[in-house]
1. Of these, 121, 61, which one is polar (S, T, N, Q) and within 30 Å of residue 341 (Cβ to Cβ)?
2. Of all the residues that make up the stretch 78-90, how many are under 18 Å from residue 206 (Cβ atoms) and either at pLDDT 95 or above or not acidic (Asp, Glu) (or both)?
3. Among the residues that make up the stretch 236-248, is at least one of them surrounded by 16 or more Cβ atoms within 10 Å (Cβ to Cβ), of a type outside the set (S, T, N, Q) and in contact with a helix residue (DSSP H, G or I) (Cβ under 6 Å, 6 or more places away or on another chain)?
4. Considering only residues of the stretch 329-343 that are surrounded by 12 or more Cβ atoms within 10 Å (Cβ to Cβ) and of a type in the set (A, V, I, L, M), which is nearest to the chain's Cα centre (by Cα)?
5. Can you tell me which of 301, 324 is assigned by TED's automatic domain parsing to the domain that holds residue 396, part of a strand (DSSP E or B), modelled with pLDDT of 95 or more and out of contact with any Gly (no Cβ under 6 Å at 6 or more places or on another chain)?
6. Residues of the stretch 189-241 being among the β-branched types (Val, Ile, Thr) and without any contact (Cβ under 8 Å) to a residue 40 or more places away in the chain, which ones?
7. Residue by residue through the stretch 203-222, note down the ones that are over 24 Å from residue 338 (Cα atoms) and either part of a helix (DSSP H, G or I) or in contact with a Leu (Cβ under 7 Å, 6 or more places away or on another chain) (or both).
8. Hey, among 170, 162, which residue is free of Cβ contacts under 8 Å to residues at least 40 places away in the same chain, part of a helix (DSSP H, G or I) and either among the aromatic types (Phe, Trp, Tyr) or surrounded by 18 or more Cβ atoms within 10 Å (Cβ to Cβ) (or both)?
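The values are calculated or read from the model by the stated rules, or taken from the named source; none is laboratory data. These numbers were taken from a predicted model, which means no experiment stands behind them. Virtual Cβ from ideal backbone geometry, glycine too; neighbours counted across all protein chains shown.
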Amino acid sequence: MYDTIIIGGGMSGLAAGIRLALFDQRVCILERHYTIGGLNSFYRMGGRDYDVGLHAMTNFSRKGTKRGPLAKLIRQLRFKWEDFPLAEQIGSSIRFPGIQLDFGNDIELLQDEIAREFPGSIDGFQRLCASLLDYDDLDGDDSRFTRSARAVLDELIPDPLLREMLLCPLMWYGNAREDDMDFGQFCIMFRACYLEGFARPFKGVRLILKNLVRKFRGLGGELKLRSGVARIHVDNGHAVGVVLDDGTEIAGKRILSSAGTVETLRLCDDITEVDVARAGRLSFIESISILDTQPQQIGFDRTIVFYNDSETFHWRMPEDSLCDARTGVICSPNNYRYTAGDGVLPDGVIRITTLANHDRWCGLPDPKYRAEKVAQYEAAVHSAVRFMPDFRRHTIDTDIFTPKTIRRFTWHDNGAVYGAPDKQLDGTTHLDNLFLCGTDQGFVGIVGAILSGISMANRHCLATDG
């Protein structure tokens, strides 16, 4: 009998497992796949290491900082700052036709850019920044969290183009809702991207995952790979354990699931039907281009570029096509301020992400699927090079993943990267001992997912033990 069974071996599940194991709980993490991390994972192909999911760690804090999400997770999981050696971004940009705003890990740069390009909106932007200092992610006020971010921006920012440009990175890095954004999610992502900023370990996401697993197992936690949960067994309104895909039964006092709201409810054997319309629809296709030179050598010195081809930001699943390349994200893991001891990444890398339609990708027969991966890669690159130097003649290798890949490694309906639009902020379900963590609880990104696991473990799995 386990004290807590955790469904999912991603960032959130691993963090929750560590937190509980620190308090001597007997914990078992169950992961359906052969590797950890969910979408934030890594693989090796053709002699090269590839990160999946990680563009940057948001919520950057410098060593020794006492406040902020990164400081909290280090303290709560009893890591050292040296366990997460992070290199800061060189600098990122928001690029719309004929205009760009640069920003970094210091809000003053973005303020200066806005003052220059949108002088009539700088006072409103500063009022917006000041208002976010009082926002509490976990104050439990759902009505405040779900207020329209666009409505708030309309009140504060006079220029409609600036409103669209500010929303672009925040939606791309953490918004499951089409067209608009919950104000609570907006606050979380504004601080994560603009007030705190981006960083990356030299060795990428593998360093984070290996440290989390090493800590969890070192505390006596059990991690079972290739152990997908087929069913959550319910008895008299109480989850009593799980049944694995191979029929193995595992008993537990409580269950913490990072599988998603709809996906978790579907597992419960006391529920015969779930509302699939509650699932998110936003999924991506991402290409990874390996170059024969460093990106800065061809004139691309930005860490991340968020682009959009018109004055109105497009944030909706493409209904009638496989992808929508009108907006996207360009990322280079080379363009961080690595220390002299780190060295230089062996290959130049450009990653391009665009919106995609899960059902259309999954409906393709295999030959057509392979052909469309190539075609959509070319379309995404063609769109992206309008906002960056053309790198195509330097490309020596590529890999592409689609919503079909995302579905396979996250098990989220529709391959929804950020889960369902409606978040369950308190992590509760219809059962008194089944709880949610991860993207459908409300926090996104690597640091956000880790904090979600910690917060839900503290709230539901430690408080019940006194």
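1. Criteria check complete, one pass: 61.
2. 5
3. no
4. 329
5. After applying the criteria, what remains is 324.
6. Listed by number, the list holds a single entry, 240.
7. 213, 214, 215, 216, 217, 218, 219
8. None of the other options fit; the residue is 170.
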